[in-house]
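K.L.:
Pasting a structure here, questions to come.
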Amino acid sequence: MSYRDGRKIGPVVQRLLQTTCINLDRGGGGIRELTQFQEYIKEYRIFVFSGLNCEDIIFDEPVQTEKRINPLYDDLSRHYHVIVNITGAMAKRYVCKACKKGCCSDVTHKFEQACSDCMSVPPCTLSHVRIPCELCNRNFRSRACLDKHKKNKLRAKTVCEQKKN
């Protein structure tokens, strides 16, 4: 982020601080303030890293969303920098959105908390009735799960195109 971008985001940050009543004047923001931000910003899941390795996560509150904010905490300057491209920053070809583990590709990564039907993270909740897809001849946990399997991608193809019965 350039200095010019920082000036654009300044007013937005000030409004967010006023709305949430978070005061960063007493030594900046720590875990308590991050938790308050996460409670207010439900449409994003905040992952804070202390370094550029997958295991360097210092803050993660489980929020039911696929959108992510990935700040990197600089301990020397006591400042957070937003990581725009997590795979580029970690020098990995693939970084899992849920567990932040890096590996060669999404196909070789096994994450036990993904939905086995649509591959979404976190897993979809089960409904009482399984919903069939006529294209891939598979059954899904809910209408949302059915819709997600047509959007989620594995190796540049949708789950519907990749997994067929």
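K.L.:
When only DSSP loop residues count, what trypsin sites (Lys or Arg not before Pro) in the stretch 1-81 have their Cβ near at most 13 other Cβ atoms within 10 Å?
P.N.:
Numbers: sites: 4, 7, 8, 15, 26, 32, 42, 45, 67, 68, 78; in loops: 26, 42, 67, 78.
Counting only loop positions with at most 13 other Cβ atoms within 10 Å, the trypsin sites (Lys or Arg not before Pro) in the stretch 1-81 are 26, 42, 67, 78.
K.L.:
Using each residue's phi in the stretch 147-162, evaluate 6.51 cos²θ - 1.76 cosθ + 1.60 at θ = phi - 60° and report the 3J(HN,Hα) Karplus result to the nearest Hz, with x for Gly and Pro.
P.N.:
5, 5, 5, 8, 10, 5, 10, 10, 6, 6, 10, 5, 4, 4, 6, 7
K.L.:
Further question on the same structure: Round to the nearest 0.05 the FRET efficiency obtained for residue 147 and residue 32 when R0 = 22 Å and r is the Cβ-Cβ distance.
P.N.:
Values: r = 37 Å, r/R0 = 1.69.
So the FRET efficiency works out to roughly 0.05.
K.L.:
For the stretch 32-38, take each phi angle, set θ = phi - 60°, evaluate the Karplus expression 6.51 cos²θ - 1.76 cosθ + 1.60, and give the result in whole Hz per residue in order, putting x for glycine and proline.
P.N.:
4, 5, 4, 5, 5, 4, 5
K.L.:
Continuing with this model, one more query. Starting from the amide H of residue 154, placed 1.01 Å from N in the peptide plane, find each other amide H under 5 Å away whose residue is 5 or more places distant or on another chain.
P.N.:
Amide H neighbours of residue 154, under 5 Å, 5+ apart: 159.
K.L.:
Can you compute 3J(HN,Hα) from phi for each residue in the stretch 56-62, using the Karplus curve 6.51 cos²θ - 1.76 cosθ + 1.60 with θ = phi - 60°, rounded to whole Hz and x for Gly and Pro?
P.N.:
Values, residue by residue: 8, 7, 10, 8, 7, 9, x Hz.
K.L.:
What's the FRET efficiency of residue 24 with residue 121 using the Cβ-Cβ distance as r and R₀ = 41 Å, to the nearest 0.05? Don't skip to the end; give the middle numbers.
P.N.:
Details: r = 31 Å, r/R0 = 0.75.
Computed FRET efficiency for residue 24 and residue 121: 0.85.
K.L.:
Follow-up question, since we're still on this one. Amide H to amide H under 5 Å from residue 45: which residues, 5+ apart in sequence or cross-chain, H placed 1.01 Å off N in plane?
P.N.:
The list, which skips near neighbours in sequence, is 67, 68, 69.
Bear in mind that the values in this text are calculations on the coordinates, not laboratory data. Remember, it's a predicted structure, so these values are computed and weren't measured experimentally. Note that each Cβ is placed from the backbone with ideal geometry, even for glycine, and that neighbours are counted across all protein chains shown.
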